[in-house]
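Bear in mind that the values in this text are calculations on the coordinates, not laboratory data. Here the structure is a predicted model, which is why all the values come from computation and not from measurement. Heads up, the Cβs are rebuilt from the backbone with ideal geometry, glycines too, and the neighbour counts pull from every protein chain shown.
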Amino acid sequence: GPYIELSEALGNFAAHLASGNPSAVRLTYNGRFSDSNTSLLRNAGMAGVLNRSAAQRANLVNAMQIAGERGWSVTESREPRAGHSDTIQLELVTDAGRTTVEGAVLLGRPRLLQIDGIYCEAPLEGHLVVMKNQDVPGVIGHVGAVLGRNQINIANFSLGRCETASGPGPREAIAVISTDATVTDAVLRELMTNAAVKLARSVEC
């Protein structure tokens, strides 16, 4: 179903965004999942994370076994929530930190809602570029110029930023860009030439 597709897409997205070696995955189901069996959603999320690097292709049947062989901790929790939104949150813990993504199914398709607590709604399909940057002028123009120079068309551009600054200096912002073609490592390096861009990763959904 669409929520299995969503869970796998969130796992794949988090694995591409995270750095370091994974040690734990935490899934939180918000809304009407509370009373239902979520084992397939869990397995799909794990398969999404594992297929970033697994030599053996992970799927709904073997994902938990592969995670167990790697010594990963996998936990699930349910949060009944008022309102109409049923969302899945996936947190990936590595030796370099933690990455949290949350998504929902809208009009039958998986959609990203948040990255590390920053609201940023975007489609979870096709060719994506994820960026973390300082919230300063000129970044969007830089992205458009770099992709344009490389003949890469932008299909969708989603932005989000921290509601409050964590300290002195600019706030952190996030961009998720859907493109008509895969963005190569060379183009990602070009995006990183702007000092405000702290991370640029390509994700294939």
I need 189, 98 ordered by Cβ neighbour count within 10 Å, fewest first.
189, 98
Indicate, rounded to the nearest 5 percent, the antiparallel portion of the DSSP beta bridges found entirely in the chain.
85
Amide H contacts under 5 Å for residue 183, placed H, 5+ residues apart
none
Got the relative contact order for the chain handy, in percent, Cα pairs under 8 Å and 6 or more residues apart?
22
Under the Karplus relation 6.51 cos²θ - 1.76 cosθ + 1.60, θ = phi - 60°, what is the ordered set of whole-Hz ³J(HN,Hα) values for region 120-127, x standing for Gly and Pro?
7, 8, 7, x, 9, 7, x, 8
Hey, fewest Cβ within 10 Å first, where do 33, 13 land in order?
33, 13
Expected output is a single nm value to one decimal: the length gained when fully extending between residue 125 and residue 56, i.e. 0.36 nm times separation in residues minus the C-alpha distance. What is it?
22.5 nm
Residue-count net charge about residue 171 - beta-carbon cut-off 14 Å; Lys, Arg +1, Asp, Glu -1:
-1
Backbone HN-Hα couplings from phi across region 192-205 [Karplus 6.51/-1.76/1.60, Hz, Gly and Pro as x]
6, 6, 7, 4, 6, 8, 9, 7, 9, 10, 9, 10, 9, 9
What shape does the chain take by its C-alpha gyration tensor, where a ≥ b ≥ c are the square roots of the eigenvalues and a/c under 1.5 counts as rounded, a/b above b/c as prolate, and the rest as oblate?
prolate
Have a look at 146, 9, 30 and report the one farthest towards the positive end of the charge dipole of the chain, computed about the Cα centre with Cβ charges (Lys/Arg +1, Asp/Glu -1).
146
Return, ordered by residue number, the residues of region 153-185 whose backbone nitrogen is under 17 Å from a label point located 7 Å along Cα→Cβ of residue 193.
184-185
